[in-house]
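**Student:** One structure is given below, represented as structure tokens, and several questions about it will come after.
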Amino acid sequence: MADIRSASPQPARAGGNSPEKRPLRVAGRIPPQVNAYYKKVSNAYKGCAIALLLLLVLFFLMMTVFFGDYMTYENVRYLVRDFGAMMSSDDGGTGFAPVVYNGSDSMKFDTFKNGLAAASGDKYLYYDATGIRMIEEDSGCSEPVLVPADKYLLLYDLGGTGYSVYNQLTRIIRRTAENPILCGSMSDSGAFLLVTRSRETRYVVEVYNSAFTHTMRIYKENYVLDAALSPDGTNIMIASAVPDSTDFRCEVAFCRVGQSEASATLYYEHTMPLDVCATEDGFILLCDTALYFYDFDGTLQTSVSLAGTALSYADMNDHSIAVVGNVNALGMESRVLVLAPSGEILLDTVLQDTRVTGVEASVNPEKALVYLETPEGILQIGADGEQNLYDAGDASVIGLVPVRNGAIICTKTSAYAAFAE
């Protein structure tokens, strides 16, 4: 039998002839495998990254060269504050939850970003569509006027000098004009204008761009009663009353922002201008004798006579125009005229035994043509001519705000939706 122990390996002796152990260098001897396809893809991504980096540098250089004047700390702060300006949604309904507040009889209301804006002599409030109060602060106005637009809301003090611009999250600017403010207009682009009473001339139209920078000043010797800025902020319409012996005539001036001279000026004898409005297609002028519809260059498109009607109330927006006038001296027969921004007559009727105490133009004529305030309640006239009366009960209605699918009824202490389907 063989001796198994004699076959066992013996450890090498020091100083013997056994081979020396050396580290194995695999990386130095085996070249890495390269896939040609993925190498090509990697190079393509690398090239795109370099190209995008160069474009970014070029973009910043161009912005600095051409728009360097707007790159200020203040404008960057406005940008951060205005991130919420794009969050508005239009669901086609009132979508408005009831809200409660401590108001006053002189409180003013309007819709902005599907919510409700309210202002009084001591505070400004904004509620979103869910009823959450987003803003509450001092209005800085003794006689506040709200001018909402697509992007911002302008709040100014009628007869005072203070004005502010808001989005639905916060106040963006608060400034003081050099002279008392008589009227203002806010465009969808963010540009706005203020009409002030000057010491040197009768009136001055102050124009500001969407960065809230003062861009031009238009001096008017006649009595400016209203002015409007086109939605893109590039065209201006100014309506003035011109003394003419013992009467007045209406002067309508059309201007382009950046141009010192008016592009067109029209006159109407024995006529008093009352209100102006800008739409997507042009301007609308309301006088005591007629309604006039123009394009942005001042070319008259059409007109509607108000002869035979003693004008009582009127309201205009970029969706419709509503005019109410007394047919007889007692005021119990009221002519209600509703027009589209194109001048098309949507409604022309006489309400018998109805005393109208106010009117609000609809923002959705396909659902409702007009909202009328009467002693009995709020009267809605639908697109089919149907009349719906809303009785607010014992609550004293101090404001009515039309929305896409009804209206918001505003009292001294609360606001809630009505006429919603």
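The values are calculated or read from the model by the stated rules, or taken from the named source; none is laboratory data. Bear in mind the structure is a predicted one, so any value in this text is a computation, not a measurement. Please note: Cβ atoms are built from the backbone with ideal geometry, for glycine as well, and neighbour counts cover all protein chains shown. These accessible areas exclude ligands, DNA and RNA; they are computed on the full protein's heavy atoms, side chains included. Shrake-Rupley method; radii C 1.70, N 1.55, O 1.52, S 1.80 Å.
**Student:** Roughly how many nanometres apart are two label points built 7 Å out from the Cα toward the Cβ at Asp105 and Arg133?
**Tutor:** 2.4 nm
**Student:** I would also like to ask the following. Per residue, how large is the accessible surface of the chain? Use a 1.4 angstrom probe and give square angstrom.
**Tutor:** Result: 55 Å² per residue.
**Student:** Then there's this: Please compute, for the alpha-carbon atoms of region 189-249, the extent along each of the three principal axes and give them in descending order in Å.
**Tutor:** Principal extents (Cα only, largest first): 43, 24, 11 Å.
**Student:** Considering only protein heavy atoms and a 1.4 Å probe, what is the carbon-and-sulfur percentage of the accessible area of region 281-385?
**Tutor:** In region 281-385, the share of accessible area belonging to carbon and sulfur is 45 percent.
**Student:** Let me ask another. Once the Cα atoms of region 323-400 are picked out, what are the Rg and Dmax in Å?
**Tutor:** Both quantities, over Cα of region 323-400: 12.4, 40 Å.
**Student:** Another question, then. Please list the radius of gyration and Dmax for region 264-421, considering alpha-carbon atoms only, with Å as the unit.
**Tutor:** Cα radius of gyration and Dmax of region 264-421 are 16.0, 51 Å respectively.
**Student:** Can you compute the charge dipole magnitude of region 158-255 about its Cα centre, using +1 on each Lys and Arg Cβ and -1 on each Asp and Glu Cβ, nothing else charged? Give it in debye, rounded to the nearest 20.
**Tutor:** Taking the Cα centre of region 158-255 as origin, the dipole is about 400 debye.
**Student:** Can you find, among Thr299, Met237, Leu53, the residue sitting farthest towards the positive end of the charge dipole of the chain, where Lys and Arg contribute +1 and Asp and Glu -1 at Cβ?
**Tutor:** Leu53
**Student:** Tell me, what is the Rg over Rh of the chain, with Rh the Kirkwood radius over Cα pairs?
**Tutor:** Dividing the radius of gyration by the Kirkwood radius yields 1.35.
**Student:** Can I ask one more? On the accessible surface of region 105-155, probed at 1.4 Å, how many percent belong to carbon and sulfur atoms?
**Tutor:** Values: 830 of 1940 Å².
With neighbouring chains kept in place, the figure for region 105-155 is 43 percent.
**Student:** With +1 assigned to the C-beta of every Lys and Arg and -1 to the C-beta of every Asp and Glu, and no other charges, what is the dipole magnitude of region 284-412 about the Cα centre in debye, to the nearest 20?
**Tutor:** 180 debye
**Student:** With r as the distance between the Cβ atoms of Ser210 and Ala44 and R0 = 45 Å, compute the FRET efficiency 1/(1 + (r/R0)^6) and round to 0.05.
**Tutor:** With a Förster radius of 45 Å, E is 0.65.
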